[in-house]
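Visitor: Structure incoming, see below.
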Amino acid sequence: MKNYLYLENGSVFEGDLLTKSIKKAAIGEIVFFTGMTGYQEVLTDPSYKDQIVVFTYPLIGNYGVNENDFESKKPHVAGVVVYEGNMSHSHYQAKNSLGEYLDKWNIPLLSHVDTRAVVKNIRQEGSMQAVITSEEGCTVKPSQGCLTAHVAEVSTKVIESFGEGDKHIVLMDFGYKKSILDSLVQQGCRVSIVPFDTGFDQIKELQPDGILLSNGPGDPKQLEYLLGNLKKIISKFPTMGICLGHQLTALAFGGNTKKMLFGHRGANQPVVDLKTKKVYMSSQNHSYEVDEPSLQGTSLQVRFRNVNDSTVEGLMHEDLPIFTTQYHPEANPGPIESSQLFNDFLQMINDYSGREKAYA
């Protein structure tokens, strides 16, 4: 049976289905990922909720799927498009093939698609709606914006605690990656993961030393109703924001965000730290960016900048102990050059604690 990928702009691509027959068409925003490895982390990253991911590297699935590299308990993508994805996996840790894993979750894996042509469509016209289906003559309806409250779907519903240590970090869960939690625990932190809409009073009762605003899916402006609460929280406690957390910080202090043409997704984005002048190769996954002109008149300053296109990659507050990164310092998949930012976060907490004691 023939299977197809239909794009919103009218383009059609035929491919071979490596999972079971499609009972229900997979519909979602189509995006592309440029990394050569890390497909397991991408599939289970909540930031990809309901997206169809095209992998640009032509050989996907050659090391299978293991039990260690999941970023959450299940895959969140709507569908997967590859050129070749049916190879025999050879890694000693592998428990399933890529096809077997996606089949378990009823997520279609479409192969032998001209992924270069698909990516050219996305780069020229931007991210768009797409459908994977066995039906012929399908018409893709344009997206009417981000209508689904994805963050509410992927965030924890209860408070969970992990690790032990002197420093207590509250991780506000907008769709966090497990690698962020692991990075904090490895630094000797006690971490409380709380729902994305947890109020200031409840956060205060937890007596955190610091706050981490996590990554997550969708348009940050969907969460505008939370900005007052978030500003109150991050103005009180030392804070680090990652990806969506970075964007929400900008909005909370009066900045603006906007949709990018096709976003940044991959493990090879160069970022310069304007404070230290160091350049990092970074792992990224985002469709939205902070609009730099909107920061004028706010208390936020640009700290990190993308070397390729000069987009804002991170912020710092001029007075408060707050900094953010658009990219992922936990970097799974991707280079770990910027992982020391978690050390910087803890140092910022220590400095703030010392300052508070000095003025007590």
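Visitor: Does segment 68-78 contain at least one residue that is assigned to a loop (DSSP other than H, G, I, E, B) and on the phi > 0 side of the Ramachandran plot?
Guide: So the first thing to find is which residues in segment 68-78 are assigned to a loop (DSSP other than H, G, I, E, B), and the list is 68-78.
From what is left, the residues that are on the phi > 0 side of the Ramachandran plot are none.
So far as segment 68-78 goes, no, none of its residues is assigned to a loop (DSSP other than H, G, I, E, B) and on the phi > 0 side of the Ramachandran plot.
Visitor: Which is open to solvent by less than 10 Å² (accessible area, probe 1.4 Å), closer than 25 Å to Val290 by Cα and in a loop (DSSP other than H, G, I, E, B), of Gly175, Gly241, Gly245, Gly218?
Guide: Unique residue meeting the criteria: Gly175.
Visitor: Are there any pairs with C-beta distances below 8 angstrom linking a residue in segment 11-25 that is under 20 Å from Ser127 (Cα atoms) and in a loop (DSSP other than H, G, I, E, B) to a residue that is modelled with pLDDT under 95 and open to solvent by 30 Å² or more (accessible area, probe 1.4 Å), with the two at least 6 apart or on different chains, and if so which?
Guide: Going by the 8 Å Cβ cut-off, the qualifying pairs are Ala25/Glu135; Ala25/Cys138.
Visitor: Also, I was wondering about something else. Condition first: farther than 27 Å from Gly218 by Cβ, in a loop (DSSP other than H, G, I, E, B) and open to solvent by 100 Å² or more (accessible area, probe 1.4 Å). Now tell me which residues in segment 90-143 satisfy that.
Guide: Ser90, Tyr92, Lys95, Glu135, Glu136 - these are the residues of segment 90-143 that are farther than 27 Å from Gly218 by Cβ, in a loop (DSSP other than H, G, I, E, B) and open to solvent by 100 Å² or more (accessible area, probe 1.4 Å).
Condition check ((1) of a type in the set (Lys, Arg); (2) free of Cβ contacts under 8 Å to residues at least 12 places away in the same chain; (3) in a strand (DSSP E or B)) across all residues:
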residue	(1), (2), (3)
Met260	no, no, yes
Ala267	no, no, yes
Val272	no, no, yes
Lys275	yes, no, no
Met281	no, no, yes
Gln284	no, no, yes
Arg303	yes, no, yes
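Visitor: Please verify whether segment 313-322 includes one or more residues that are without any contact (Cβ under 8 Å) to a residue 60 or more places away in the chain, within 27 Å of Leu43 (Cβ to Cβ) and either in contact with a Phe, Trp or Tyr (Cβ under 8 Å, 6 or more places away or on another chain) or part of a strand (DSSP E or B) (or both). Write out each step before concluding.
Guide: Let us first name the residues in segment 313-322 that are without any contact (Cβ under 8 Å) to a residue 60 or more places away in the chain, namely 313, 316, 318-319.
When the remaining residues are screened for being within 27 Å of Leu43 (Cβ to Cβ), the result is 313.
Remaining after also requiring either in contact with a Phe, Trp or Tyr (Cβ under 8 Å, 6 or more places away or on another chain) or part of a strand (DSSP E or B) (or both): 313.
The answer is yes; a qualifying residue exists.
Visitor: Given the conditions (1) open to solvent by 10 Å² or more (accessible area, probe 1.4 Å); (2) in contact with a Ser or Thr (Cβ under 9 Å, 6 or more places away or on another chain), and given that Leu227 satisfies all but one, which numbered condition is not satisfied?
Guide: (2)
Visitor: In segment 162-172, which residues are open to solvent by 10 Å² or more (accessible area, probe 1.4 Å), more than 14 Å from Phe342 (Cα to Cα) and at pLDDT 95 or above?
Guide: Hits for segment 162-172 are Phe162, Gly163.
Visitor: List pairs: first in segment 331-344 and within 19 Å of Ile169 (Cα to Cα), second among the small types (Gly, Ala, Ser) and in a loop (DSSP other than H, G, I, E, B), Cβ under 9 Å, 6+ apart or cross-chain?
Guide: Within 9 Å, the pairs are Ser339/Ala331.
Visitor: Also, quick follow-up: Filter segment 67-83 down to the residues that are buried (at least 16 other Cβ atoms within 10 Å of the Cβ), more than 12 Å from Leu43 (Cβ to Cβ) and not aliphatic (A, V, I, L, M) and list them by number.
Guide: Of everything in segment 67-83, just one residue is buried (at least 16 other Cβ atoms within 10 Å of the Cβ), more than 12 Å from Leu43 (Cβ to Cβ) and not aliphatic (A, V, I, L, M), namely Tyr83.
Visitor: Here's a check for you: in segment 178-212, which residue that is part of a strand (DSSP E or B) and open to solvent by 10 Å² or more (accessible area, probe 1.4 Å) is nearest to Lys231 (Cα to Cα)?
Guide: Pro195
Visitor: With closer than 21 Å to Lys221 by Cβ, among the β-branched types (Val, Ile, Thr) and open to solvent by 30 Å² or more (accessible area, probe 1.4 Å) as the only criterion, which of Val302, Val290 stands out? Working first, answer last.
Guide: Values: Val290 fails: open to solvent by 30 Å² or more (accessible area, probe 1.4 Å).
None of the other options fit; the residue is Val302.
The values are calculated or read from the model by the stated rules, or taken from the named source; none is laboratory data. Since this is a predicted model, take the numbers as computed values, not measurements. Please note: Cβ atoms are built from the backbone with ideal geometry, for glycine as well, and neighbour counts cover all protein chains shown. For the accessible areas, the whole protein counts, side chains as well, though only heavy atoms, and no ligand, DNA or RNA atoms are used. Shrake-Rupley method; radii C 1.70, N 1.55, O 1.52, S 1.80 Å.
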